[in-house]
Amino acid sequence: MSESRFTPRVFSGIKPSGGLTLGNYLGAIKRFVQTQDAGTHETIYCVVDLHAITVWQDPAELKSATREVAAGFIASGVDPERSVLFNQSQVSQHAELAWIFNCVARVGWMDRMTQFKEKAGKNAEKQSLGLYAYPSLMAADILLYHATHVPVGEDQKQHVELTRDIAAKFNHDYKVDFFPMAEPVIEGPAMRVMNLRDGTKKMSKSGESDMERINMTDDADTIAKKLQKARTDAAPLPETLEGLDGRPEARNLVDIYAALADIPPAEVLARYPGAGWGTFKPALAELAVEKLAPISREMARLMDDPAEIDRLLARGAERAREIAAPVLRETYEIVGLLRG
């Protein structure tokens, strides 16, 4: 397939469940802003609320969380004029294309999705069909816009690979060159930000203790306190990255500093060779407050005006439908579905 005929276009989204964390910012939103500002791709960013309801959500809390994620995007630098920003449920073409892809994807492909196994655990039969099939909705999210690049964390790479499988099978089955082979974009330090109390676990919105994570709504004092109290080991920082092997908490804090400062982790160690935590943690806290506190303040301001957030998301949905509708219409034509 010739990819050159497809407009360079980025699509990615964040699920509105439990609030935004530093992991969402460093692993996703910060990259979204950088891609937008580079100007080399069209950028489409989505609050994926249809994905959120694969598990039970309180309706009022879901609306609030959707607005919070949108506020996080905007406060971090996603410009609703330069990027298309919307919530997924306002663009019905996502769900419609997902059904087509449910009929293209194979059950065996879904059975191999490790995230379903992790989330379902021993109670797989009690989970919603949506949780099992949501990778085909994710494929629809991407391919509805003929996206060529998808910035994701390492844990979502498998879903982009499935998207490529679905696109390839659709193109093969219908003998067309219609859907592109989207590329996962995984780069830079701290793409997988870890728990501040246990460096072997990913930073999560649903962790038991609020001290495990930095929320994007945390104020400056809270950010500094959480980093000062982050778990570490007794040894000082090493001079080389190899010295961080087997030290997950130390590696996590170095990666967070690197991502916030836009430098490689090795340069962090070069700045603080042999430093103790009494030196490094305050420096990390100062950097984090400098970078994150303005975002949390702007998020608070935006959340005080939900009508404006709703207006921006509705406008973004209009722009998204302008791209999505022709793609879905041609998909129906290819499949042979009769349309008036």
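The values are calculated or read from the model by the stated rules, or taken from the named source; none is laboratory data. Quick caveat, the model's predicted, so the values are computed rather than measured. Every residue, glycine as well, gets a Cβ built from its backbone with ideal geometry; the counts of neighbours run over all protein chains shown.
The table for this structure:
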read-out	value
Sole residue being among the small types (Gly, Ala, Ser), buried (at least 20 other Cβ atoms within 10 Å of the Cβ) and under 29 Å from residue 10 (Cα atoms), chosen from 261, 324	324
Matching entry among 315, 297 (being surrounded by fewer than 18 Cβ atoms within 10 Å (Cβ to Cβ) and assigned by TED's automatic domain parsing to the domain that holds residue 33)	315
Meets criteria (out of contact with any helix residue (DSSP H, G or I) (no Cβ under 7 Å at 6 or more places or on another chain) and not aliphatic (A, V, I, L, M)) for residue 99	yes
Filter result for residue 214 (within 22 Å of the chain's Cα centre (by Cα), not assigned by TED's automatic domain parsing to the domain that holds residue 146 and not hydroxyl-bearing (Ser, Thr, Tyr))	yes
Tabulated pairs, the range 113-137, first more than 25 Å from residue 167 (Cβ to Cβ), second at pLDDT below 85, C-beta under 7 angstrom, 6+ apart or interchain	127/120
Among the candidates 142, 166, residue that is assigned by TED's automatic domain parsing to the domain that holds residue 48, closer than 21 Å to residue 35 by Cβ, buried (at least 18 other Cβ atoms within 10 Å of the Cβ) and among the β-branched types (Val, Ile, Thr)	142
Those residues of the range 279-308 which are over 30 Å from residue 60 (Cα atoms) and hydroxyl-bearing (Ser, Thr, Tyr), in sequence order	279
Considering residues of the range 238-253 that are in a loop (DSSP other than H, G, I, E, B) and of a type in the set (Asp, Glu) only, the residue surrounded by the most Cβ atoms within 10 Å (Cβ to Cβ)	239
Helices (runs of 4 or more DSSP H) contained in the range 8-112 and holding at least 1 residues in contact with a Phe, Trp or Tyr (Cβ under 9 Å, 6 or more places away or on another chain) and within 20 Å of residue 317 (Cα to Cα)	30-38, 49-52, 59-76, 93-102
Residue 201 farther than 16 Å from residue 284 by Cα, in contact with a strand residue (DSSP E or B) (Cβ under 8 Å, 6 or more places away or on another chain) and free of Cβ contacts under 8 Å to residues at least 24 places away in the same chain	yes
Members of the range 116-129 found to be surrounded by fewer than 15 Cβ atoms within 10 Å (Cβ to Cβ) and either within 26 Å of residue 173 (Cβ to Cβ) or in contact with a Lys or Arg (Cβ under 6 Å, 6 or more places away or on another chain) (or both), listed by number	129
Residue check, residue 47 under 18 Å from residue 159 (Cα atoms), loosely packed, with under 14 Cβ neighbours inside 10 Å and among the β-branched types (Val, Ile, Thr)	no
Inter-residue pairs, beta-carbon under 7 Å, first over 15 Å from residue 26 (Cα atoms) and in the range 208-229, second surrounded by fewer than 15 Cβ atoms within 10 Å (Cβ to Cβ), 6+ apart	211/229
Options 248, 180: the member that is more than 30 Å from residue 300 (Cα to Cα), at pLDDT 95 or above and out of contact with any helix residue (DSSP H, G or I) (no Cβ under 9 Å at 6 or more places or on another chain)	248
Filtered residues of the range 1-34 (kept if over 20 Å from residue 193 (Cα atoms) and among the β-branched types (Val, Ile, Thr))	7, 10
Residue within the range 105-118 that is more than 15 Å from the chain's Cα centre (by Cα), of a type in the set (D, E, K, R) and closer than 22 Å to residue 23 by Cβ present	yes
Complete set of residues in the range 186-204 that are crowded, with 16+ Cβ neighbours inside 10 Å, within 18 Å of the chain's Cα centre (by Cα) and at pLDDT 85 or above	193, 194, 195, 202, 203
